1. Quick one: putting +1 on the C-beta of Lys and Arg, -1 on the C-beta of Asp and Glu, what dipole do you get for chain A around its Cα centre, in Debye to the nearest 20?
2. Where a ≥ b ≥ c are the square roots of the eigenvalues of the C-alpha gyration tensor, would you call chain A rounded, which needs a/c under 1.5, or, failing that, prolate if a/b is larger than b/c, or oblate?
3. Would you kindly derive the ³J(HN,Hα) couplings of region B:375-391 from the backbone phi angles with the Karplus curve 6.51 cos²θ - 1.76 cosθ + 1.60 (θ = phi - 60°), listing them in order in whole Hz, with x for Gly and Pro?
4. Among DSSP beta bridges lying fully in chain B, give the percent that are antiparallel, nearest 5.
5. What are the ³J(HN,Hα) values, in whole Hz, obtained from phi via the Karplus relation 6.51 cos²θ - 1.76 cosθ + 1.60 with θ = phi - 60°, for each residue of region B:118-135 in sequence order, with x given for Gly and Pro?
6. Using the heavy atoms of the protein chains alone and a 1.4 angstrom probe, what is the accessible area of chain B per residue in square angstrom?
7. Simple spin-label model, 7 Å along Cα-to-Cβ: A:GLU269 to B:ARG17 in nm?
8. I'd like the Karplus ³J(HN,Hα) series for region B:9-26: coefficients 6.51, -1.76, 1.60, θ = phi - 60°, whole numbers in Hz, and an x wherever there's a Gly or Pro.
Protein chains: 2
Amino acid sequence: MEVNPRVKKAEYAVRGRVVARAQEIEEELKRGSSTRKFDKIIYCNIGNPHALGQKPVTFIRQVLAACVCPSLMDAGILPTDVVVRAKEYLAGTGGSGVGAYTETAGLAVVRRQVAEFMERRDGVKADAKRIILTNGASDAIRRVIQLILHDDVSMDGGVERGHERQGIMIPCPQYPLYSCQIVLSGGSIVYYESDEAREWGVTRAELERSFLEATGSGVVVKALVVINPGNPTGAVLSESDIEEIVRFAEERKLVILADEVYQENVYVEGKKFESFKKVVAKLQSKALLFSFHSTSKGLLGECGIRAGYVEAVNVPDDVFKELIKLSASQLSSNTLGQIACGLMCSPPRQGDTSFDLYHRETQDIFESLKRRAAKLSRKMQSIHGFSFPSPIQGAMYAFPSIKLPAKAVEEAEKRKMAPDEFYCMELLENTGIVCVPGSGFGQRKDTYHFRTTILPPESDIDNLTYLLADFHTNWTQQFQH
Amino acid sequence: MEVNPRVKKAEYAVRGRVVARAQEIEEELKRGSSTRKFDKIIYCNIGNPHALGQKPVTFIRQVLAACVCPSLMDAGILPTDVVVRAKEYLAGTGGSGVGAYTETAGLAVVRRQVAEFMERRDGVKADAKRIILTNGASDAIRRVIQLILHDDVSMDGGVERGHERQGIMIPCPQYPLYSCQIVLSGGSIVYYESDEAREWGVTRAELERSFLEATGSGVVVKALVVINPGNPTGAVLSESDIEEIVRFAEERKLVILADEVYQENVYVEGKKFESFKKVVAKLQSKALLFSFHSTSKGLLGECGIRAGYVEAVNVPDDVFKELIKLSASQLSSNTLGQIACGLMCSPPRQGDTSFDLYHRETQDIFESLKRRAAKLSRKMQSIHGFSFPSPIQGAMYAFPSIKLPAKAVEEAEKRKMAPDEFYCMELLENTGIVCVPGSGFGQRKDTYHFRTTILPPESDIDNLTYLLADFHTNWTQQFQH
C-alpha cells in the first residue's frame with residue numbers, strides 16, 4: 001500500500017527515533033538481558049509530569065471520580081465542595097452524565113468557566129460561544145491548522161497558482177507539532193529565528209525578513225505561530241514584544257496562533273505571562289487570534305485526561321462555523337477532560353472545604369518546578385561544552401547548545417542522522433536518558449542542541465546533570481583525535 | 001481569512017443544519033418564549049444512548065472512579081474485583097496513574113485485553129502490537145483515511161498525474177464521517193449502492209460497477225469502507241457476503257476499512273456478527289484490513305469517554321509505523337478511555353463479585369434495544385407514506401424511505417435544501433424531533449429517507465411514531481393540491 005507522502009514526510013521528534021530506541025532498550029532491561037551501566041530509562045523527552053512522579057491534585061481527581069460514579073457522592077467520603085461541583089457539572093450535561101457526547105464545542109457550563117477565567121486574567125470580555133473544548137491543545141492546534149492551510153490548487157476558486165504554496169510562520173526553535181501539522185496539510189514551514197544570545201527574543205526585523213523571504217519565494221503566508229512561554233526555549237515574552245508581534249500580524253494580515261499552554265509556568269523574577277488576547281484587546285487590533293490552553297501543563301500536569309481549549313478572537317462568524325463543522329465530525333472531546341478543563345479554570349475559592357489543600361498542593365508543585373528550573377539552569381551553565389546563556393524563564397524545558405567535534409558531525413552524516421540526533425542516541429545508549437535532538441525543533445545552521453524536561457524529581461537532578469556532563473566529556477573525547 | 005476550501009466542502013450531516021436549528025429552538029424553549037406545540041427537543045439524530053436515558057454500567061464506572069482517584073480504594077466501598085482491576089490498570093501505567101500520557105498506541109495491558117477479546121471472538125490470533133487505542137473510532141478512522149489518501153501531485157514521486165484523483169469506495173447510504181474525511185483529504189467519494197429492496201445487501205456486480213466507473217473516470221481507488229452492522233441501514237452481513245467483499249478487495253488491491261462498532265448490536269433471529277478479521281484469516285487473504293471498534297455503541301454506550309481502537313491486519317511494518325507516527329503528534333488517547341476499552345473487552349467473569357450485576361445490567365440494555373428495534377420497525381412499516389421493507393437487524397437506527405409530493409420537492413429546491421433536509425427541518429419545527437436527512441448519508445437518486453435512532457425510551461416510542469405519522473400526513477397534504 002502506498003502511504004500518503006505527506007505522512008511520510010511529517011516528523012514529530014518528541015516521539016521520534018530516539019524514543020523508539022528507548023522503548024526497545026526498556027524491553028531489554030525488563031527481560032534482564034542487559035549488560036548496560038544503567039538499569040532504567042529516564043524519559044526527559046516529553047512534558048509528562050505524572051510520569052516523573054508529580055502527584056495529581058486531590059480536588060481535581062475527587063470531582064472527576066464523583067462525576068464518573070455519582071453514587072460515590074452518597075458515601076459521605078467526599079468533601080462538600082467536591083459534591084457541589086460534581087453536581088453542577090452533571091447538571092450541565094442535562095442529566096445525561098459523562099457517558100454522553102456533549103455538543104460539539106463542549107459543555108456550556110465549562111465554556112462559561114473558561115471564559116470567566118480569561119476575563120479575570122485579562123480584564124477583557126470573553127465569549128463562551130467562541131471557545132471549543134478539545135482533546136488537549138494538540139487537537140485544537142491540528143484543527144486550526146487544517147482550517148487555515150490548504151494546497152489544493154484545483155479547488156482554489158478556479159485560480160491556478162502554479163508552484164505557489166501556502167505557509168505558516170513558526171519560531172525556530174519550535175514545538176514539532178506545528179511543523180508536523182503544516183507538512184500534513186501540504187503547507188510550507190516558514191521559520192523565524194529566536195535569538196539565543198538575547199534570551200531567545202524575536203525582533204520585528206526578523207519577522208519581516210522571514211515573511212519577505214517566504215513571500216519572495218512564492219509562499220502565501222497565512223498565519224504566525226507564537227509559543228509563550230516558549231517550548232523548547234522557556235522564554236517569556238514581555239507585553240511590548242507581544243504588541244510588536246500583534247502589529248506585525250495585523251499589518252501582514254496573518255492569523256495569530258498563540259500557544260499559551262505554559263501560562264502558569266513562569267519561574268523567574270521580573271517575568272510575567274501576558275496573553276495575546278489581552279494585548280489584541282488593548283491595541284484594539286483586528287488581528288484574528290486563536291489561543292490555546294491545556295490541563296496538561298501548568299500545575300495540574302493532567303496529560304492523560306487529554307483536555308484543552310481554543311478561543312477564537314476577531315474570527316468572523318462564518319469562519320468560526322467552519323471550525324465547529326470540522327470539529328463536529330469527531331462529535332465532542334471527552335467529557336471528563338472537559339470537566340478537568342472547567343476545574344483548572346475555576347479552582348476552589350477561599351472558604352471552600354478544599355481550598356487549603358488545593359492551594360498547598362498546587363503551590364508545592366509550582367515551587368518544586370521553580371527550584372528544578374533554577375537548579376537545572378545552574379548545572380547546565382557549568383557543564384563544559386554546553387552553552388546555556390540565560391536561565392530557564394518558564395515552561396518545562398532546558399534547551400542547551402552543545403559543541404560537537406567535527407569528527408562527530410562527520411560520523412553522524414555517515415549514519416544518516418542529524419548530528420544532535422546521533423548525540424541523543426548515544427546519550428541514550430550510554431546513560432538511559434531520553435532527550436530530543438535540537439534538529440527536531442529547528443535551530444540556527446551549524447548549531448546543535450537538545451531538549452530535556454526539567455521534570456525529573458529534585459533529588460535526581462544532580463545525578464541527571466552529572467550523567468550529562470560525564471557523557472559529554474567522554475563521548476566528545478572519542479572524536480577529538 | 002480564507003478558509004481551506006476542503007473544510008468548506010466537507011459535510012457532516014449528523015450534526016448539520018437541522019441540529020444547529022434544534023439548538024436554537026432549545027434555547028427558545030428554555031427562555032419560555034415559545035408558542036410551539038411541543039416543550040422539548042427529542043434528539044434522534046445521533047447514537048448517544050446516555051443522552052436518552054440509558055444508564056451507565058456500574059462496574060465500568062466503579063473501575064474508572066478507582067483509577068482516577070485511587071484513595072477511594074481504601075474506603076471499603078468498592079467491590080473487590082473492581083479494586084483488583086483498577087490496580088491492574090494503574091500498574092499498567094508504570095505507576096504514573098491516569099494523568100500521564102501513555103505510549104502512542106496506548107497502554108500495553110489494554111491492548112493485550114483487546115487482542116484477547118478478538119481472539120475469543122474470532123478464534124484467530126491477534127497481535128497487541130498491531131492495535132492502536134484512540135479517542136473513539138472516529139479518531140481512528142480519521143487517521144487511517146489520512147494515512148491512505150492524498151491529493152498532492154507535486155509530491156507524488158515527481159509523476160504528474162493530471163486530473164487523476166485518489167478515491168475510497170463507501171456504501172450508499174454511509175455514515176457521513178467517511179464522506180467528510182475523504183473530502184478533507186482531497187479524495188473522491190466512490191459510492192457503491194446497498195439495495196434497499198434486498199435488505200440493503202451488496203452484490204459483487206455492484207462493487208465491480210462502482211470500481212470500474214470510478215477508475216474509468218480517472219479515480220485511483222485505494223480503499224473500500226464497509227460498515228457492519230450497517231449505519232444507517234442496520235443491515236448485518238452474512239459470512240458469505242463478507243467473503244465476497246474480501247475477495248473483491250484483494251483482487252482489486254483495495255485496503256479494507258471495516259467499521260464494526262455495532263458488533264454487539266444484532267437483534268434479529270438468524271443474524272450473527274462475523275468480523276472481517278475472521279474471514280480474512282479463513283480465506284488466508286492478503287488483503288490489508290483496518291478494523292474499528294468503540295465503547296460508544298454496543299451495550300455500554302459510553303460515548304462521552306471517547307474510546308475506541310483500530311486493529312491493523314496484513315499491514316506491512318513500514319506502513320504501520322507511519323500510522324503510529326501520525327498518531328504520535330497527538331501523543332496518546334485519553335487514558336480513562338483506554339481503560340474503558342479494556343473493560344469492554346474483558347468484562348467480569350463468572351465468580352467475580354461484579355459478574356451478576358454486570359451481566360444483568362448489560363442484558364437489560366440489550367433486551368431493551370432489541371424490543372425498541374422491533375417496535376420501531378413495526379411502527380415504521382405501518383406509517384402511510386413510509387416504506388420500510390425489512391425490520392431493523394442491528395446497529396441503532398431506522399432509515400425509512402419517505403414519499404414526498406412533487407411540490408414539496410420544488411419548494412425544497414427554492415429554499416436551496418435537499419428535499420429530505422427540508423422535510424427534517426419541518427419535522428423539527430413542528431414536533432421537536434431531530435432526525436438526519438437521507439441526503440447526508442447518500443441514497444439512490446429520486447429517493448428520500450431520514451435516519452432516526454431507536455434510542456428514545458421504550459415508553460416514548462409510541463409517541464414518537466405517532467408524531468412522525470401525524471406530521472407526515474399533515475405536512476405532505478399541504479403540497480398535494
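1. Values: 59 positive and 61 negative charges, 53 e Å.
Magnitude of the dipole: close to 260 debye.
2. Oblate, since a/c reaches 1.5 and b/c is not below a/b.
3. With the stated coefficients, region B:375-391 comes to 5, 5, 4, 4, 5, 4, 5, 8, 7, 5, x, 9, 10, 8, x, 10, x Hz.
4. Numbers: 19 of 41 bridges.
Within chain B, antiparallel bridges account for around 45 percent of the total.
5. Along region B:118-135, the couplings run 5, 5, 5, 5, 9, x, 10, 4, 10, 10, 4, 7, 10, 10, 10, 7, 9, 6 Hz.
6. Ligands and nucleic acids excluded, the result is 37 Å² per residue.
7. That separation, rounded to one decimal, is 6.3 nm.
8. 6, 5, 10, 9, 5, 4, 10, x, 5, 5, 5, 4, 5, 4, 5, 5, 5, 4
The values are calculated or read from the model by the stated rules, or taken from the named source; none is laboratory data. Bear in mind that the values here come from a model prediction, so they are computed numbers and not experimental data. Positions of Cβ are generated from backbone atoms using ideal geometry, with glycine treated the same way; all protein chains shown enter the neighbour counts. SASA here: full protein model, heavy atoms, side chains in, ligands and nucleic acids out. Shrake-Rupley method; radii C 1.70, N 1.55, O 1.52, S 1.80 Å.
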